[in-house]
Structures are given as structure tokens and as C-alpha cells.
Amino acid sequence: MTSHRTYQGEQLELFQARGGGIATRDAQDLMSWPFFSLAKSRRVTPIDFRMGDVWLRVEATAEHGMATIWDADILIWAASQIVEARDKGLRTSRFMSATPYEILTFISRDDSARSYERLKAAFDRLQSTTVVTSIRQLSERRRHRFSWISEWKERLDAAGRPLGIELILADWFYAGVIDNALILTIDPAYFSLTGGLERWLYRLVRKHGGRQTWGWSFDLKHLHLKSGSLSPLRRFRFEIRSIVGRQPLPGYRLALSIDTNGCERLTFRPVSPERPVSQRVAGALS
């Protein structure tokens, strides 16, 4: 195993991921803005988003497609590892090493050969998807272009069995993670959510609603824009109504209402947990 690595002139020290008992944490920037495809089918159409001073463009390759919100589970795992180590006074790095089993277990997936192959496909999408954004660059008046993972490789034994994975995270992502103000804990039950839209909605609700007693609300047209979804607004409204009917988001209660301007709004407020924390599922990183 390589203990150090020079990448683009930067000397990186290997950070070995730890096992269980780590709180699940997400990066607020990734919870707020449309960085990922919400569809399990391959997406190559770019996300081109602008709102006020914030703008971003996400581009995919035809070979791998755009990184999905299920692929982002790997970034949640990485953020959780980095923050846990930092809080314990340990040295961290964006050059990380772990076994596939450790990653799959943390994100509540089984450790079958199929899950491992899908994990590798997720790494490929995270590396091949490129992002250019103004977020956290406003004061410098410059853009930042990156891929979620700069590079990754798998280590095999003499028989070809996987020993581990090494990866280098984007410095943009890593910088946001080590800033405590840009990280939030999330319910591990998030990994049990099967729909891309409900996963995206949980992260948005957790970011904006937090634990405020009276919750928060969004106009559905505004939500549609923030999702980056290719679905037309009519379909988006239908899917939101379905989610409200099912109430799948852990820790939050959703409702729809009409405001004084006649606009349909989604409201959400925190509630006490009514079900056990996530069960392991065999869902896929697709």
C-alpha cells in the first residue's frame, strides 16, 4: 500500500479509513445544489444551473454517464470518515484507502459481487463527471473545475481478489468537508431511500429545515429548478405529491399547501423518529 502520493505537485499522505461506529455526515454544498443526476438511467445531458450569484455546470461522458445521487453515497462515506478523524485529532487527507466491504457496509449495501461491480462503476462516474462552479469562489471571482474523484485504483491479491481501494478526492470537496460549518449529520435511514427525487429532497430538507420547530417551505417551481431534474414540471409535481403521500423521509413530515399567490408549496417540519434506523438493503449504485 502506498503511504504517500504526489499529485499535481502536492504531497499527499494516505488516510486509512476506519470501521463502524461513525456518524453519517453530508456536505452542505452538495445538499443545497443540483450536482447529481436523480435518475438511475444514464444521463449525459449537462446540468446547467444559475440562481443569484450561484452557478454550476455538471458535464458527463457518454461512456459512463453522469454521477448519480446514489454515487454520492461514496462522498457521504468519505466526508463522515474525514470529519470523524479530524474531531479525534487525527491527520486527514484527500488521499484515502478502504476496503470495498467497509464502504458498502457504511452505505447500507450488501457485499455481493454485484454490489462491488456497481461500486466500481460509481467510482468511474465520480471520476469522469466534471463540475465547474462559482460556489465558494465568489470572493476570488474565479471558477473552479473538478471531478469528484481525481483518480482511483483497486488493489488485488495474486488471485485477483480485491484487497482495497485507493482514491484521491477533489480538493474543492475536501476543503468543504474539513470546514465544520459546511457539514451536517444525516439520518443513516437516508441510505434506505430508493428514489432519486426523495433522496435529493431529504438532503435539501435536512439542509434548509434543519431542526427548526416550525420547519420550512418551498414553492414547487423553485424546487423543480433546484433539483436539476430533466422531468417536466408537471411530472415533478406528480412525483412530489406521491412522496408526500408516502411520507418516506426520516425525521420529517411533508405537506402541500397553496399560498396567498396561488402557488403550490411543499412544507416540511421535523418530527420524532417513528421507525428504526435503516435496515441494510441490497439497492444498487446505479
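Cβ-Cβ contacts under 7 Å between residues 6 or more apart (or on different chains), taken from a first residue in segment 258-269 that is over 14 Å from Ile240 (Cα atoms) to a second residue that is in a loop (DSSP other than H, G, I, E, B), are listed as Arg269/Trp214; Arg269/Gly215. When you look at Arg94, is it closer than 18 Å to Lys153 by Cα and either in contact with a strand residue (DSSP E or B) (Cβ under 9 Å, 6 or more places away or on another chain) or at pLDDT below 95 (or both), yes or no? Against the criterion (closer than 18 Å to Lys153 by Cα and either in contact with a strand residue (DSSP E or B) (Cβ under 9 Å, 6 or more places away or on another chain) or at pLDDT below 95 (or both)), Arg94 qualifies.
Put simply, of Arg109, Arg142, Arg125, Arg118 the only residue that is modelled with pLDDT under 95, of a type in the set (Lys, Arg) and out of contact with any Cys (no Cβ under 7 Å at 6 or more places or on another chain) is Arg142.
Does segment 172-183 include one or more residues that are part of a loop (DSSP other than H, G, I, E, B) and under 16 Å from the mean Cα position of the chain (by Cα)? Checked against the condition, which is being part of a loop (DSSP other than H, G, I, E, B) and under 16 Å from the mean Cα position of the chain (by Cα), segment 172-183 yields no hits at all. Could you tell me whether any residue of segment 17-31 is acidic (Asp, Glu), within 23 Å of Asp110 (Cβ to Cβ), in contact with a Lys or Arg (Cβ under 8 Å, 6 or more places away or on another chain) and not assigned by TED's automatic domain parsing to the domain that holds Val205? The answer is yes; a qualifying residue exists.
Residues of segment 42-61 that are assigned to a strand (DSSP E or B) and either aromatic (Phe, Trp, Tyr) or modelled with pLDDT under 95 (or both): Phe49, Arg50, Met51, Val54, Trp55, Leu56.
Within the span defined as segment 249-262, every residue fails to be at pLDDT 95 or above and among the charged types (D, E, K, R). Residues in segment 182-217 that are of a type in the set (A, V, I, L, M) and touching a helix residue (DSSP H, G or I) at 6+ places or on another chain (Cβ under 8 Å): Leu182, Ile183, Leu184, Ile186, Leu193, Leu197, Leu201, Leu204.
Looking across segment 165-186 at every residue that is touching a Leu at 6+ places or on another chain (Cβ under 9 Å) and of a type outside the set (A, V, I, L, M, F, W, C), the one that is modelled with the highest pLDDT is identified as Glu166.
For segment 78-112, enumerate the residues that are closer than 19 Å to Trp172 by Cα, of a type outside the set (Ser, Thr, Tyr) and outside any helix (DSSP H, G or I). Those that are closer than 19 Å to Trp172 by Cα, of a type outside the set (Ser, Thr, Tyr) and outside any helix (DSSP H, G or I): Arg91, Arg94, Phe95, Met96.
The values are calculated or read from the model by the stated rules, or taken from the named source; none is laboratory data. Note that the structure is a prediction, hence the values are computed from the model and not measured. In this analysis, Cβ positions are derived from the backbone assuming ideal geometry, glycine residues included, and neighbour counts consider all displayed protein chains.
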